[in-house]
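One structure is given here, and the rest of the page talks about it.
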Amino acid sequence: MKNLSQTNYGSALETVQQLKAKYGATWNAINPESAARMVNQNRFKTGLDIAKYTASVMREDMAAYDADSSNYTQSLGCWHGFVAQQKMIAVKKHHKTTSKRYLYLSGWMVAALRSEFGPLPDQSMHEKTAVPNLIAEIYDFLRQADAIELNDLFRRLQNGEDVQYQIDNFETHIVPIIADIDAGFGNEEATYLLAKKMIQAGACAIQIENQVSDAKQCGHQDGKVTVPHEDFIAKLNAVRYAFLELGIDDGIIVARTDSEGAGLTQKLPVSLQPGDLASQYLAFVEAEEIAITDAKEDDVLLKRDGKLVRPVRLANGLYKFREGTNIDRVVLDCITSLQNGADLLWIETPTPNVKQIAHMVNKVKAVVPNAKLVYNNSPSFNWTLSFRNQAYEEMLTEGENMTAYDRNNLMDAEYDNTELCFRADQKIKTFQMDSAKQAGIFHHLITLPTYHTTALHMNDLTKGYFGDQGMLAYVKDVQRQEIRKNVSCVKHQRMAGSDLGDDHKTFFAGDKALKAGGEKNTSNQFELKTKAKNIQNKIAEVA
């Protein structure tokens, strides 16, 4: 990730000094150094500033991946600004840089956790405004992380510590968000309007899928209905126009195809000439040969290879695709999207299998050599079972004696320390690296990590706290771990901006400021002695 340019401080200082000279005594209370410091702590003034910056970061990362597939990128999904903030603070602490680490905004989590209607399934029933509102919230929290860390550095500088290099080379917590616009929440005009709101909130990358908007389903559920290519291209255009209107010339569009698991279409497109996109789409539709005399009133008929055929139509009016056409439809979707303005692809798959993904991607690359994927490392997959099955097949092929394993019960904990488990877990560990190299995956994400971690952690805390452990369940497994691992929000007052606010109050009111950070602030209990702090840092590095 790029470091922030520190010219802001010097230019802000000069500007305020000039303004003080211009307005005279009425500005006597304004301290140029304090004002410049505040400017430096808030580089990104608008969401568009963020979108421009993060789009350039993503474009550089995409070029780096094209040059070397080991330069893949990663993200975790988030449903609240605080979650996003803590992720990026932890990334900086543990990995020293935010480079190639993004955030993902999942429509599934917006529906399940952020809708005013209450918890909803992933079917585009939540409010459109919930998506841009969450993007704005996330970047508010990331801006705050910048301000808090820089404020701490300025405090240390004032106290005589030599931290000027850290200030001058500060790396922002602001990173790209890949934001889910679902199927566009309506027609192409609705897609354009929502895309604008998302970009204005800070999104540099918008992911859109080729399902029917008002019949949208989660990619890992049944009943998915896709749209003809012409309809999807119109929405790709809508997103691009939104980027261009707002001055984000290098905004990224991620085109998702659900055709691998979708067997239905709502609409039969109009073919204008043989072999056009509509014709190719219609060729996938299941149909039965029929004589004109056998046609019923109001039947829909097609001419195919010189013969009259009747598309198979369900009672709800939807049309079926032919069995076994899903991979060919995926490949055509991907090629068509890339040839019509998409920058990255997203292919929903039934299982995380590198060979299966590569099979599809290589067909796309035969036409578009630099095709790149965003891939959902989804919690909807049973990763343990999937990779134990893959390892089982490999071991069987190698002639291993597999009689010790029950193929129908490979999830059993009794296999956790076996060769099968070791092989499967090694495959899971290297899945992202392997698929980046072999299957063109530029970006790996987990859509719903904190949905599951929150549920798991609350399960564990609840068991002990309301059981025989009482307060020890919280102290031992939460607070003590926060202290030992130097988790930023153990001092939750500081993380919420208390110290930052104290300094601002001092800027505004001087010695009259009523500050929260005095001797009676209980957060002082978490201040560590130098020796203890050094030991803690070593423990954190090992962890």
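The values are calculated or read from the model by the stated rules, or taken from the named source; none is laboratory data. Everything numeric here is computed off the predicted structure, so don't read it as measured data. All Cβ positions, glycine included, derive from the backbone under ideal geometry; neighbour counts span all protein chains shown. Calculation scope for accessible area: heavy atoms of the full protein, side chains included, ligands and nucleic acids excluded. Shrake-Rupley method; radii C 1.70, N 1.55, O 1.52, S 1.80 Å.
Of note:
- Here the condition is being of a type outside the set (A, V, I, L, M, F, W, C), part of a strand (DSSP E or B) and out of contact with any Asp or Glu (no Cβ under 7 Å at 6 or more places or on another chain); of Glu288, Glu323, Glu297, it holds for Glu288 alone.
- Some residue of the range 44-54 being under 16 Å from the mean Cα position of the chain (by Cα) and either closer than 28 Å to Pro379 by Cα or of a type in the set (Gly, Ala, Ser) (or both): yes
- Extreme residue, modelled with the lowest pLDDT, among residues of the range 122-148 that are open to solvent by 60 Å² or more (accessible area, probe 1.4 Å) and of a type outside the set (S, T, N, Q): Met125
Residue-wise test of (1) out of contact with any Leu (no Cβ under 7 Å at 6 or more places or on another chain); (2) hydrophobic (A, V, I, L, M, F, W, C).
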site: Met125; (1), (2): yes, yes
site: Asn133; (1), (2): yes, no
site: Ala136; (1), (2): yes, yes
site: Phe141; (1), (2): yes, yes
site: Ile148; (1), (2): no, yes
site: Asp152; (1), (2): yes, no
site: Arg155; (1), (2): yes, no
site: Glu161; (1), (2): yes, no
site: Gln164; (1), (2): no, no
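- Verdict on Val83 being of a type in the set (A, V, I, L, M, F, W, C), in contact with a strand residue (DSSP E or B) (Cβ under 6 Å, 6 or more places away or on another chain) and open to solvent by 20 Å² or more (accessible area, probe 1.4 Å): no
- All positions within the range 173-208 that are among the polar types (S, T, N, Q) and surrounded by 23 or more Cβ atoms within 10 Å (Cβ to Cβ): Thr191, Gln207
- Any chance Met62 is over 17 Å from Lys505 (Cα atoms), hydrophobic (A, V, I, L, M, F, W, C) and open to solvent by less than 10 Å² (accessible area, probe 1.4 Å): no
- Of the criteria (1) assigned to a helix (DSSP H, G or I); (2) at pLDDT 90 or above; (3) not polar (S, T, N, Q), which one Gly10 fails: (2)
- The selection criterion, being open to solvent by less than 30 Å² (accessible area, probe 1.4 Å), more than 30 Å from Phe117 (Cβ to Cβ) and touching a Lys or Arg at 6+ places or on another chain (Cβ under 9 Å), holds for Phe154.
- Scanning the range 116-147 for residues that are basic (Lys, Arg) and over 30 Å from Arg37 (Cα atoms) yields a single hit, Lys128.
- Filter result (at pLDDT 60 or above, among the basic types (Lys, Arg) and outside any helix (DSSP H, G or I)) within the range 485-543: Lys485, Lys491, Lys515
- Selection of first residues in the range 264-285 that are in contact (Cβ under 8 Å) with a residue 40 or more places away in the chain and of second residues that are open to solvent by 40 Å² or more (accessible area, probe 1.4 Å) and basic (Lys, Arg), restricted to Cβ pairs under 9 Å at least 6 apart or on distinct chains, gives the following pairs, ordered by first then second residue: Leu264/Lys320; Thr265/Lys320; Phe284/Arg322.
- Test result for Ala278, open to solvent by 100 Å² or more (accessible area, probe 1.4 Å) and either aliphatic (A, V, I, L, M) or part of a strand (DSSP E or B) (or both): no
- When residues of the range 18-54 are limited to those that are among the small types (Gly, Ala, Ser) and farther than 26 Å from Gly251 by Cα, the one surrounded by the most Cβ atoms within 10 Å (Cβ to Cβ): Ala36
- Close pairs (8 angstrom Cβ cut-off, 6 or more residues apart or separate chains): among the basic types (Lys, Arg) in the range 15-34, open to solvent by less than 60 Å² (accessible area, probe 1.4 Å) and assigned to a helix (DSSP H, G or I) anywhere: Lys20/Pro32
- Being open to solvent by 30 Å² or more (accessible area, probe 1.4 Å) and either modelled with pLDDT of 95 or more or over 12 Å from the mean Cα position of the chain (by Cα) (or both) is a property that holds for Leu113.
- Condition check for Lys100 on (1) charged (D, E, K, R); (2) touching a strand residue (DSSP E or B) at 6+ places or on another chain (Cβ under 9 Å); (3) crowded, with 18+ Cβ neighbours inside 10 Å; (4) on the phi < 0 side of the Ramachandran plot: one failure, at (4).
- Scan the range 340-373 for residues that are under 24 Å from Leu385 (Cα atoms), open to solvent by 20 Å² or more (accessible area, probe 1.4 Å) and of a type in the set (A, V, I, L, M, F, W, C) and the total you get is 1.
- Restricting attention to the range 245-263, the residues being closer than 30 Å to Arg322 by Cα and either open to solvent by 30 Å² or more (accessible area, probe 1.4 Å) or part of a loop (DSSP other than H, G, I, E, B) (or both) number 6.
- Some residue of the range 321-339 being more than 24 Å from the chain's Cα centre (by Cα), over 30 Å from Met62 (Cβ atoms) and open to solvent by less than 40 Å² (accessible area, probe 1.4 Å): yes
- When Leu272, Leu268 are checked against the criterion of being closer than 21 Å to Thr325 by Cα, of a type outside the set (Val, Ile, Thr) and either over 27 Å from the mean Cα position of the chain (by Cα) or open to solvent by 40 Å² or more (accessible area, probe 1.4 Å) (or both), a single residue qualifies: Leu268.
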